[in-house]
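What follows draws every value from the coordinates through simple rules; no lab data is involved. None of the values given here were measured: they were computed from a predicted structure. Neighbour counts are summed over all protein chains in view; Cβ atoms, including those assigned to glycine, are modelled from backbone coordinates with ideal geometry.
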């Protein structure tokens, strides 16, 4: 079990390091023209690649992500959840591994398929339209041209993250992961409906 935990931690650290290197390389590439003597430094141009990288890093190692990893591990430890690591470090490592896999798969597929990863609040009014929009944002993605398609990156990343748990929780079966992950989409839909009705994030 110790080797699995150490391997998981190395995996998370490697994923974070690669993302950081990619961000540094992107910044250096954009700043290269400023190296010419006598020219003023050029500012980094904002484009879709910059935005995607920033969102990826935010979801991977941003304050909310770190709080979720550590907080989730602490809650699991306090609940003495069975089937996983016995110590707090192992439980946090499990959460970090799952998050790294899920976030990387989500943003990677979204970039390849030219899908947005940002939730777009509804500008509509009324209970029905808001609920409809929340469900639409849960189960579909926006393409670059504004059209919508089934949210394959979100679905694939959720199941991939769930399967990552099996490296720690040997008592769980793939079928259990698929069921719990599928149910989680219903919770996400309810959360989005509540967000739309309350006006949070607008």
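Note on the range 98-202: Cα-Cα pairs beyond 21 Å make up 42% of the total pair count.
Take every pair of alpha-carbon atoms less than 8 Å apart whose residues are at least six positions apart; their mean separation over the length of the range 125-202 yields a relative contact order of 39 percent.
Which of rounded, prolate or oblate describes the range 73-144 when judged by the alpha-carbon gyration tensor and an a/c cut-off of 1.5?
Details: a/c = 4.44, a/b = 1.83, b/c = 2.43.
Oblate shape, in that a/c is at least 1.5 and b/c is the bigger or equal ratio.
Principal axis extents of the C-alpha atoms in the range 41-164 (largest first, rounded to whole Å): 51, 48, 24. In percent, rounded to a whole number, the relative contact order of the range 62-202 is 27, using alpha-carbon pairs under 8 Å and six or more apart. Listed from fewest to most Cβ neighbours within 10 Å, the set 159, 119 follows the order 119, 159. Each of the peptides 171-184, 101-114, 126-139 was scored by the mean count of other Cβ atoms within 10 Å over its residues; in descending order, highest first, they stand as 101-114, 126-139, 171-184.
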